[in-house]
1. Evaluate the Kirkwood expression for the hydrodynamic radius of the chain, namely the inverse of the mean inverse distance over all pairs of different C-alpha atoms, and round to one decimal in Å.
2. Using label points projected 7 Å from each Cα along Cα→Cβ, tell me how many nm separate V22 and Q47, to one decimal.
3. Work out how much length V97 to I167 would gain on full extension: take 0.36 nm times their residue separation and subtract the Cα-Cα distance, in nm to one decimal.
4. Enumerate the calculated ³J(HN,Hα) couplings along the range 191-201 in order (Karplus 6.51 cos²θ - 1.76 cosθ + 1.60, θ = phi - 60°), each rounded to whole Hz, writing x wherever the residue is Gly or Pro.
5. Between T130 and F202, what is the label-to-label distance in nm when each label sits 7 Å out along the Cα-to-Cβ direction?
6. Under a 5 Å amide H to amide H cut-off, with H placed in plane at 1.01 Å, what residues pair with V78 once short-range neighbours are removed?
7. Within the chain, which is the longest segment containing none of the chymotrypsin sites (Phe, Trp or Tyr not before Pro) that sit in a DSSP loop and have at most 15 other Cβ atoms within 10 Å?
8. Under a 10 Å cutoff between Cα atoms, tell me which one of A55, A148, A190 has the largest fluctuation in the Gaussian network model of the chain.
Amino acid sequence: MDVVLQEWTWTELWPYAVLMIVIGSWALYHFMAPAGWREWVGAGVVQAFIIALYAEMYGFPLTIYVLTTFLPIKIPLVHNSGHLWATLLGYGRSGHVIEMFVGSVFIVTGLVLIMRGWVRIYFASENLITDGVYGFMRHPQYTGIFLAIFGQLVHWPTIPTLLLSPIIVWLYVRLARWEEQRLIEKYGPAYLAYRENVPMFFSNLQHFRQLLGRS
C-alpha cells in the first residue's frame, strides 16, 4: 500500500532516512577509506548524494513538490511516485518495479566493484596490483561509484542527486588521473605497461559477468 506523503504521515518515515544515511555513510568511508584531501572531497560529495537521496526517499519529497509547483504536471503524493521516470511516463506499478529492478542491477554491480577493490587494496603489499578486479579496470572502486550513482538515478531520481552526479564523476575522474601520475612516478614502466593494456574505468560486459559470478 502506498504511503501518503502528507505532513502528518511522511515525517513518520524519517527514521528510515536516518538509518539509510548512517549505513550508506559508514559503507562509503569504510570501503573507500579516504586519505588525502582530494579523496575526502570526493567522499564528501558522495555523502551529500546519499543524504539528498534518502532525505527525499523517506523524508520530504522536494523533487515532487518542485515539479508540481513549477510545471503543469500532476504527481500523486504517494511514496511510489518517487520512482519518477515510471511515474512521469505513466507506466504505473509495473513501471515502478522495472525501474527499481534495472536500477538495482547497476547499484549491486557498483557495490561489488567497490568491495572487491577494497579487498585487493586492504590485503595488498607495496607491489603494484594488476590482478583480480584490477586486471579488468584500473579504478574499480570509482567505476563502482559511477554505477551505483547511475543506478540510484534510475531507481529514485531527485533534483539534488541529478545535480550532484556530474560533479562526482568530474571529481573522481580528476582524482584517478592524479593518482595515476603518482603511480607512474612510483612504478615507472610497469605501470605504463599496465595502463596501456587495462581500461581506466569500464571493461567489457563479459568481464563484468565474471566479476559478479565470483562475488
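1. 18.8 Å
2. 1.5 nm
3. The V97-I167 span can extend by a further 22.3 nm.
4. Result, rounded to whole Hz: 6, 4, 5, 4, 5, 5, 9, 10, x, 6, 10.
5. 2.6 nm
6. For V78, whose amide H was placed from the backbone, the distant partners under 5 Å are L5.
7. 1-90
8. Of A55, A148, A190, the most mobile in the Gaussian network model is A190.
Bear in mind that the values in this text are calculations on the coordinates, not laboratory data. Here the structure is a predicted model, which is why all the values come from computation and not from measurement. Reconstructed Cβ throughout: ideal geometry from the backbone, glycine too, with neighbour counts over all protein chains shown.
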